[in-house]
Amino acid sequence: MIVRLMGEGQLDVAADDLTALNALDDELEAAIESGDETTFRAALVALLDNVRKVGKPLPADSLAPSELILPPADAHIDEVRSMLGDEGLIPD
């Protein structure tokens, strides 16, 4: 799956890594639903850090379409809330 980290570029994330990323996405969703800014920030950073860890960066000149777009680490809780789909940021 090609993932775009807003402001950073694209990463190729293996399907095998999606289960762990979905668990982090669930934590992020729960933090957004509760409105807890501190927990939200920690969950967003954890999710993005994990994507960076498991993803393989694509060249800057790559034209591959992104299947998933994730917000930057400094995104506001309301911005991320507006990006959530029925399955969170990362589809199951």
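The values are calculated or read from the model by the stated rules, or taken from the named source; none is laboratory data. All values reported here derive from a predicted model rather than from experimental measurement. Cβ placement follows ideal geometry from the backbone for every residue including glycine, while neighbour counts extend to all protein chains displayed.
Descriptive notes on the structure:
- Residue within segment 7-16 that is among the small types (G, A, S), crowded, with 17+ Cβ neighbours inside 10 Å and closer than 21 Å to D78 by Cα present: no
- Identity of the residue in segment 63-82, surrounded by fewer than 14 Cβ atoms within 10 Å (Cβ to Cβ) and hydrophobic (A, V, I, L, M, F, W, C), that ends up farthest from A30 (Cα to Cα): L63
Residues checked against (1) over 11 Å from the mean Cα position of the chain (by Cα); (2) among the small types (G, A, S):
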| residue | (1), (2) |
| --- | --- |
| T19 | yes, no |
| T38 | yes, no |
| K53 | yes, no |
| A60 | yes, yes |
| L63 | yes, no |
| L68 | no, no |
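- Being part of a strand (DSSP E or B), surrounded by 14 or more Cβ atoms within 10 Å (Cβ to Cβ) and modelled with pLDDT of 90 or more is a description that applies to R4.
- Verdict on D12 being out of contact with any Leu (no Cβ under 7 Å at 6 or more places or on another chain) and either among the acidic types (D, E) or without any contact (Cβ under 8 Å) to a residue 12 or more places away in the chain (or both): no
- Residues that are at pLDDT 95 or above and either crowded, with 16+ Cβ neighbours inside 10 Å or among the hydrophobic types (A, V, I, L, M, F, W, C) (or both) within segment 42-60 comprise A42, A43, L44, V45, A46, L47, L48, N50, V51, V54, G55, L58, listed in sequence order.
- Pairs with Cβ under 8 Å, 6+ apart, first in segment 32-50 and touching a residue at least 40 places away in the same chain (Cβ under 8 Å) and more than 28 Å from A15 (Cβ to Cβ), second part of a helix (DSSP H, G or I) and among the aliphatic types (A, V, I, L, M): G35/I77; E37/I77
- Number of residues in segment 41-92 that are among the hydrophobic types (A, V, I, L, M, F, W, C) and outside any helix (DSSP H, G or I) equals 12.
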